[in-house]
Amino acid sequence: MPPSHPAIALPRLIAHRGLSAHAPENTLTAVKAAHDAGYQWVELDVQLLGDGTPVIWHDATLKRCSDGHGRLATLDLAAVRKLDVGAWFGDGFRGERMATLSDMLELLVELDMGVNMELKVTSKRSGTELAEVVVPRLLKSLPPERLILSSFDQPSLQHARSLADASLLPIGVLTESVPEKWRARCEALDAYSIHTDWTRLSARRTREIKAAGYRLLCYTPNDPAAFAQRWEWGVDSAISDDPALFSGIAPPPGT
């Protein structure tokens with residue numbers, strides 16, 4: 001990587017939303033489970049409640065992963081603290097509470113873990129506002145060697161870059177498929193990496209990205225045999241719900 005970027009020891013395997021195959025996604029318990037299973041990096045989602053509190057959550061609503069209903073944009077911290085966000089996954093997780101960004105950062109620091117934090121900009125929400133709230137907290141808590149900030153939302157990444165240069169804030173450009181003009185987008189953000197759907201990646205595009213010096217991360221492979229060719233192409237990391245599936249199959253970092 002260019003010298004402006006931190007020297008990140010990027011692992012081959014990153015636990016998607018924590019160890020989400022074995023614990024409720026985006027929770028403190030899922031991150032602890034990833035750590036206990038030997039994974040040093042997790043991917044998580046952050047967005048704002050209606051009162052401006054940043055929380056670790058993927059969906060715009062509560063329905064899928066809690067015992068509540070409603071949109072995050074209409075709720076405050078007091079309301080979501082009452083929710084059970086673990087019982088939907090299994091009785092053993094009953095009583096799990098939604099994590100704030102502060103809760104999660106405290107845990108990541110305690111466990112000495114790295115994170116790919118996605119700015120999750122849902123419909124009618126401001127990516128700029130989200131970046132304004134989240135980025136200073138990330139920079140205060142984590143060294144740049146243990147952090148990648150990503151998003152599908154270009155304005156949020158542009159604002160994030162205005163808050164910190166590439167030596168302090170590694171940025172990942174998140175895409176469903178890598179667009180033809182990927183290089184211009186990365187250069188505009190002084191990006192560290194590209195994150196894309198592994199099923200939409202081609203060998204040609206992989207070679208272009210790697211030749212240009214960017215790291216390439218793929219989401220969300222859970223079939224090691226089907227994914228194996230991507231390692232050969234040069235993909236750096238797989239963001240998986242169940243990284244243990246790749247045990248003994250993923251090549252060592254840097255190979």
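Where a number appears in this text, it was derived from the coordinates with a stated rule and is not lab data. From a predicted model like this one, the values you see are computed outputs, not experimental measurements. Please note: Cβ atoms are built from the backbone with ideal geometry, for glycine as well, and neighbour counts cover all protein chains shown.
Any residue at all in segment 19-34 that is charged (D, E, K, R), in contact with a helix residue (DSSP H, G or I) (Cβ under 8 Å, 6 or more places away or on another chain) and outside any loop (DSSP other than H, G, I, E, B)?
Within segment 19-34, one or more residues are charged (D, E, K, R), in contact with a helix residue (DSSP H, G or I) (Cβ under 8 Å, 6 or more places away or on another chain) and outside any loop (DSSP other than H, G, I, E, B).
Which one of Ser167, Ser162 is in contact with a helix residue (DSSP H, G or I) (Cβ under 9 Å, 6 or more places away or on another chain), assigned to a helix (DSSP H, G or I) and of a type outside the set (A, V, I, L, M)?
None of the other options fit; the residue is Ser162.
Quick one: is Met117 surrounded by 14 or more Cβ atoms within 10 Å (Cβ to Cβ), touching a helix residue (DSSP H, G or I) at 6+ places or on another chain (Cβ under 9 Å), in contact (Cβ under 8 Å) with a residue 12 or more places away in the chain and in a loop (DSSP other than H, G, I, E, B)?
no
Which is of a type in the set (Ser, Thr, Tyr) and in contact with a Leu (Cβ under 6 Å, 6 or more places away or on another chain), of Ser123, Ser156, Ser162, Ser167?
Sole residue among the options that is of a type in the set (Ser, Thr, Tyr) and in contact with a Leu (Cβ under 6 Å, 6 or more places away or on another chain): Ser156.
Tell me, yes or no, whether segment 181-201 has at least one residue that is exposed (fewer than 12 other Cβ atoms within 10 Å of the Cβ) and aliphatic (A, V, I, L, M).
Yes, segment 181-201 contains a residue that is exposed (fewer than 12 other Cβ atoms within 10 Å of the Cβ) and aliphatic (A, V, I, L, M).
Among Val31, Val85, which is the only one that is of a type in the set (A, V, I, L, M, F, W, C) and closer than 20 Å to Tyr219 by Cβ?
Val31
Go through segment 91-130 and give me each residue that's of a type in the set (A, V, I, L, M), over 21 Å from Ala34 (Cα atoms) and out of contact with any strand residue (DSSP E or B) (no Cβ under 6 Å at 6 or more places or on another chain).
Hit for segment 91-130 is Val121, nothing else.
From Glu145, Glu129, which residue is within 24 Å of Pro11 (Cα to Cα), assigned to a helix (DSSP H, G or I) and of a type outside the set (Lys, Arg)?
Glu145
Are any of the residues in segment 41-62 more than 19 Å from Gly172 (Cβ to Cβ), free of Cβ contacts under 8 Å to residues at least 24 places away in the same chain and of a type in the set (S, T, N, Q)?
Yes, that holds for at least one residue.
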